[in-house]
1. Name the single residue, out of those in the stretch B:514-539 being part of a helix (DSSP H, G or I) and in contact with a helix residue (DSSP H, G or I) (Cβ under 6 Å, 6 or more places away or on another chain), that is surrounded by the fewest Cβ atoms within 10 Å (Cβ to Cβ).
2. Go through the residues of the stretch B:548-558 one by one and say whether even a single one is within 22 Å of B:Pro121 (Cβ to Cβ) and not in a loop (DSSP other than H, G, I, E, B).
3. If you scan the stretch C:164-198, which residues turn out to be open to solvent by 10 Å² or more (accessible area, probe 1.4 Å), free of Cβ contacts under 8 Å to residues at least 12 places away in the same chain and either facing chain A (nearest Cβ under 8 Å) or under 18 Å from the mean Cα position of the chain (by Cα) (or both)?
4. Can you tell me how many residues within the stretch B:487-507 are open to solvent by 30 Å² or more (accessible area, probe 1.4 Å) and closer than 19 Å to B:Gly469 by Cα?
5. Kindly indicate whether any position in the stretch B:279-297 is at the interface with chain C (Cβ under 7 Å from one of its Cβ atoms) and either touching a residue at least 24 places away in the same chain (Cβ under 8 Å) or in contact with a helix residue (DSSP H, G or I) (Cβ under 6 Å, 6 or more places away or on another chain) (or both).
6. Sort out which residues of the stretch C:13-26 are crowded, with 20+ Cβ neighbours inside 10 Å and either more than 7 Å from chain B (Cβ to nearest Cβ) or not polar (S, T, N, Q) (or both), and write them in order of number.
7. Please verify whether B:Met305 is within 14 Å of B:Phe394 (Cβ to Cβ) and over 17 Å from the mean Cα position of the chain (by Cα), treating the condition exactly as stated.
Amino acid sequence: MSGHSEVEVKKQVTLYLRVFFALMALTVVTVAISYVHMPILLGVAVALFIACIKASLVAAFFMHLSTEKKIIIFILILTVFFFAFLLATPSLHHT
Amino acid sequence: MTNHDHSHVAQTHDSGHGHKMPFWKKYIFSVDHKTIGVQYAVTSLIFLFFGFGLVSLMRWQLAYPGQPLPLIGGWFSDTAMIGGIMLPEFYNQLGAMHGTIMIFLGVVPLSVGAFGNYVLPLQIGAPDMAFPKLNMMSYWLYFIGGILMLASFFVPGGAAQSGWTSYPPLSVIASGGQTWWLIGMVFLINSSLLGSVNFITTVVQLRTKGMSFFRLPFFVWAQFVTSFLLLLAFPPLMAAGVLQLSDRLLGSSFFMPSGLVVNGAVSAVAGGGNAVLWQHLFWFLAHPEVYVLILPAMGIVSEVMACNTRKPLYGYKALVYSSIFLGFMSFIVWAHHMYLTGMGTTMSTFFQITTMIISIPSVVILTTLILSLWGASIRFTVPMMFALAFLPMFGIGGLTGLPLGLNAADIHLHDTYYVIGHFHYVVAPGTIFALFAGIYHWFPKVTGRKMNEALGKIHFYFSLIFMNGVFLPMLIMGLAGVSRRLYDPTQYAHALPTQPLNVFISISAWCLGLAQIPFIINFFGSIFKGKKVDDNPWQATTLEWSTPTPPPHGNFLKEPVVYRGPYEYSTPGQKHDFWPQSMKENN
Amino acid sequence: MSAEIHYISEPHPVSGVTNSKLGVWLFLASEVMLFGGLFSAYILLRTGVTDWPRGHEVLNVPLATLNTVILITSSVTMVMSWASLELKKFSKFRLYMTITILLAIAFLVVKGFEYAHKFDHHHFPSTSNFYAIYFVITGLHGLHVIGGIIVNAYLLLPGSKMWKTNPEQFTGRVEAAGLYWHFVDLVWIFLFPALYLL
């Protein structure tokens, strides 16, 4: 990202602050929802959904993934693919 | 590095010689990939011979159970042998540590740490690895991990004794050596993590001008794919290791089921854990690890074969795509090691299918290598003979794996000597032969001298004979249903008929050990007395042969430029039968 | 020729990234698999038993929420410290980096209170698998926080000398450290609901 003009960087700084407020708001939402009684599966789905949004915000803007080079994106897609297998398959063991 | 450092380094390289560095900086805490490669090579060879020594002791117990070990039996403490008779606990330690040392401290560091480090930057025309300091750290983490593993033999209760797979709950309740094993593994995992980050970055960033991805020698491709396997498959084992450490040290019960009975008493732990969890996380690493063991070996064999057949490899692109596909698939076959854990039929069918699919790229690779021999004028040099022997040996190893990948056959064969025979065919006469080929092939680049041909051929023929003497009978014993974990096979009626085979295997194994003596003599002797050769004694095309021997600090006198693919042998219209990658004009 | 290693401070013309950026991302890919292994263990253990406690009934949600806020804030200050370097404002970089480190220490202090409270009530990893997974995952995450503090402190104090000699490379290093730090934040974003809220 180096070599950016001053204007661009200043634009980004405003963006970072917006992301910060979004993250804070989502933190409040996820805590609040956890006090609402709902079926466990729905609770898990909602909590994970919010966590995924928060994580995407951090990755896309703080970690600059939204404008990152192809090679990095490629490595991460590969990783996420295997990550999904690692996460999903052992938990299928009970069935 | 600061600018100041840069100019300093650049200055010393201009002269073409390394500046005077103190001994410890040049040879011990070196950041030069070539020195680190040699360090890896020497250390891992020592570990290989040590690991072989462990199994030669086991072979005595298996051939002559309950009889005192002659000559050296008295050297061991009473916790290992009483009057030269091996105790079961010590037998288990030997088994566990043989596997661990051979895989994690011997073969992988030799094939990736040594050959990868030394050859890869040279072959892509890079001055060094992308992160030289991390490279040094990677070696020293490996070294510390190795020392911890060795030291574990001397702690109370001895070394780890739960197999190289460390299955809980046994490993959780085992004696103190298991903790050392786990901590040692943490070091080794971090070492390979740093190494793989370094390798991938180097290949992506530091290829020299003209070295496009499809001009990379296949060896580089193999190392590249291997690095991805190390990068992404090892961390789950790290996670599992942390959980097992917690079970052992903090009393948690990740792997300890409720109501577990140990020595007649119900275990005091909270329970609720799952022993199969370990197996999932372990094999998530350990199946890709199989390809970590075999891919660099295939890379070495391809280099040696292309050079000694004096013709391009048959189907270079098929090799490359197959190795990528192989690496990819190796992540989704792991549970074929776990058919007998009571998994559902959907799961076992899924893994059965992926296992059958992964055999396809292996066959493609082996076939292209065999087809590369077609119409070649083969030079039967020592490295070529080892490379040639690799083909059928790996073939046997691969084909004997098919029945294990099929659920129904695996029920019979699981945990028998058949499994031992199968994977040793892949790794011992397979990978280790390829590694020998690599040593004989690149020795002249490292030292400027060739290894002795006659001694090399003695080493080759006897190794080939005795390797098969060791592993072929194991397949037969396994089909007869003999378990791989018997301390005293004569106690079981069904194992008695195959007991003579055990004696045969043991004698073969010891002879295999003797067959390495010519190699050791040759290796050390040739460093000082070997025939002096020029920079490119094999008339090879790849970049490591177009730089002085030994390569200077910074590797190349002039940044090389690559004009063509890696295997331009016997190109029509050329005067010589090899056309180096960096040669601009016609030969 | 000079044996300089290329693309330390300027990006590679084809891949478009520097060595350190590629290296850090590869490292983070590996970290994803490490925490993936632990989450996988968590899922398998939790789905395997019937009596798994609800996190918010046994753990301290307000403290963990505070820690979430602390860590997210530190992520912002981290990215601001990098942006300050891009704007060539070194003193601002120092300010933001100091805040980042202080926030990281605050995170650990809060975590320490949480742990101490659990120990007081005799909740240990040996108590149940819920506590075991809680202590191991948050412990490993804590180790990552400590690692981040060490790296950031190095960049703030002795490492910042490089700003004078090679500002591009130094900015790259801060960006790399930032990527790691955001990852630590990102893991916590998943840990928080997984352990405390569900």
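1. B:Ile527
2. No, there is no match, as no residue in the stretch B:548-558 is within 22 Å of B:Pro121 (Cβ to Cβ) and not in a loop (DSSP other than H, G, I, E, B).
3. Selection gives C:Leu186 alone.
4. Filtering the stretch B:487-507 down to residues open to solvent by 30 Å² or more (accessible area, probe 1.4 Å) leaves B:487, B:490-494, B:496-497, B:500-501, B:503-504, B:507.
With the extra rule that they be closer than 19 Å to B:Gly469 by Cα, the set shrinks to B:497, B:500-501, B:503-504, B:507.
Final tally of qualifying residues: 6.
5. Going through the stretch B:279-297, the residues at the interface with chain C (Cβ under 7 Å from one of its Cβ atoms) turn out to be B:281.
If we keep only those that are either touching a residue at least 24 places away in the same chain (Cβ under 8 Å) or in contact with a helix residue (DSSP H, G or I) (Cβ under 6 Å, 6 or more places away or on another chain) (or both) too, we end up with B:281.
Yes.
6. Within the stretch C:13-26, the first condition is being crowded, with 20+ Cβ neighbours inside 10 Å, and the residues that meet it are C:17-26.
Across the stretch C:13-26, the qualifying residues are C:Val17, C:Thr18, C:Ser20, C:Lys21, C:Leu22, C:Gly23, C:Val24, C:Trp25, C:Leu26.
7. Working: within 14 Å of B:Phe394 (Cβ to Cβ): yes; over 17 Å from the mean Cα position of the chain (by Cα): yes.
So B:Met305 passes the test.
Here is a yes/no grid of residues against (1) acidic (Asp, Glu); (2) within 10 Å of chain C (Cβ to nearest Cβ); (3) open to solvent by 10 Å² or more (accessible area, probe 1.4 Å):
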residue	(1), (2), (3)
B:Thr201	no, yes, no
B:Arg207	no, yes, yes
B:Ser212	no, yes, yes
B:Phe219	no, no, no
B:Gln223	no, no, no
B:Ser227	no, yes, no
B:Ala233	no, yes, no
B:Leu237	no, yes, no
B:Val242	no, yes, yes
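The values are calculated or read from the model by the stated rules, or taken from the named source; none is laboratory data. Small disclaimer: the values here were computed from a predicted structure and weren't measured. Counting neighbours? That spans all protein chains shown, and the Cβs are built from the backbone with ideal geometry, glycine included. These area figures cover heavy atoms from the full protein model, side chains too; ligands, DNA and RNA do not enter into them. Shrake-Rupley method; radii C 1.70, N 1.55, O 1.52, S 1.80 Å.
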